[in-house]
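First the structure, in the form of structure tokens, and then the observations on it.
The values are calculated or read from the model by the stated rules, or taken from the named source; none is laboratory data. Not measured: the values here are computed from a predicted model. Glycine gets a Cβ as well: all are built from the backbone with ideal geometry, and neighbour counts include every protein chain shown.
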């Protein structure tokens, strides 16, 4: 695959001297889903706004489909669809007219068959003659996506697309994103719901204080930073971890009947066999065992904390 979005040394300094982006470089492959994670004020929205031409870069180069977003902004902008955080729709306009108008803004000829397909894909067809003011918040979000896709872009930016949306609609939107990926659309997603990134992203980028801390395939990121946790349920609660088990770095859960053991899946030895032998030698009786793997959220939090230190 080739990069459809290329960002090199991107900087953005606002009036007053606040540096929102500090030399960000990033290549986004055609047809992938990239999740961009970061705390509030990290620079996620500024990055998207600069690529989309809403704000001007203070330095660096951005190309979309090979077109410089400053010098060849018309060609670049035709390739981009943007779903912003804020819901800002004309309240008295019908859904279908809103989407048709967005298509016309980009000079696309009228295509009722495409608009019908798009609205059906987003479960909006039965609402096509409704005024946007009559829609729920979740349905308004779908209209924003339809508007962004009306001109058939090849790159779609979703800036917190499921903020304020209930769980059921959020999962529906994940299905829509998967369908778009199947059609070859490149998707860049910012989200506070890290389970979204874990569920649908191919790669994950973490940004904080205007700097890109890392960009990596989701699976390799979780393998590289992830730990597994073994929980050992005991038949009888204990008051403290026995001295004979101190070398294993165990912690005792509230209630005294669960021992917690963390181990690195990349190590040659997990130490579990020795641990279980030592538990038996200490006279403790196990009732159950279960393992849990580090979530993407835990990895994200640890990265941001390291950057803040």
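The residues of region 55-87 that are in contact (Cβ under 8 Å) with a residue 60 or more places away in the chain, assigned to a loop (DSSP other than H, G, I, E, B) and crowded, with 18+ Cβ neighbours inside 10 Å, listed by number, are 65, 79, 84. Residues that are closer than 16 Å to residue 179 by Cα and touching a strand residue (DSSP E or B) at 6+ places or on another chain (Cβ under 9 Å) within region 97-148 comprise 145, 148, listed in sequence order.
Residue 241 fulfils the conditions (1) touching a helix residue (DSSP H, G or I) at 6+ places or on another chain (Cβ under 6 Å); (2) modelled with pLDDT of 90 or more except for a single criterion, (1).
Out of all the residues in region 127-141, is one or more within 18 Å of the chain's Cα centre (by Cα) and either farther than 23 Å from residue 53 by Cα or surrounded by 16 or more Cβ atoms within 10 Å (Cβ to Cβ) (or both)? Yes; the residues of region 127-141 include at least one that is within 18 Å of the chain's Cα centre (by Cα) and either farther than 23 Å from residue 53 by Cα or surrounded by 16 or more Cβ atoms within 10 Å (Cβ to Cβ) (or both). Does residue 212 count as closer than 19 Å to residue 47 by Cα, crowded, with 22+ Cβ neighbours inside 10 Å and modelled with pLDDT of 85 or more? Here the answer is yes, as residue 212 does meet what is asked. Looking across region 255-309 at every residue that is part of a loop (DSSP other than H, G, I, E, B) and at pLDDT 85 or above, the one that is surrounded by the most Cβ atoms within 10 Å (Cβ to Cβ) is identified as 284.
Screening region 113-221 for strands (runs of 3 or more DSSP E) wholly inside it with 3 or more residues that are closer than 18 Å to residue 102 by Cβ returns the ranges 155-159.
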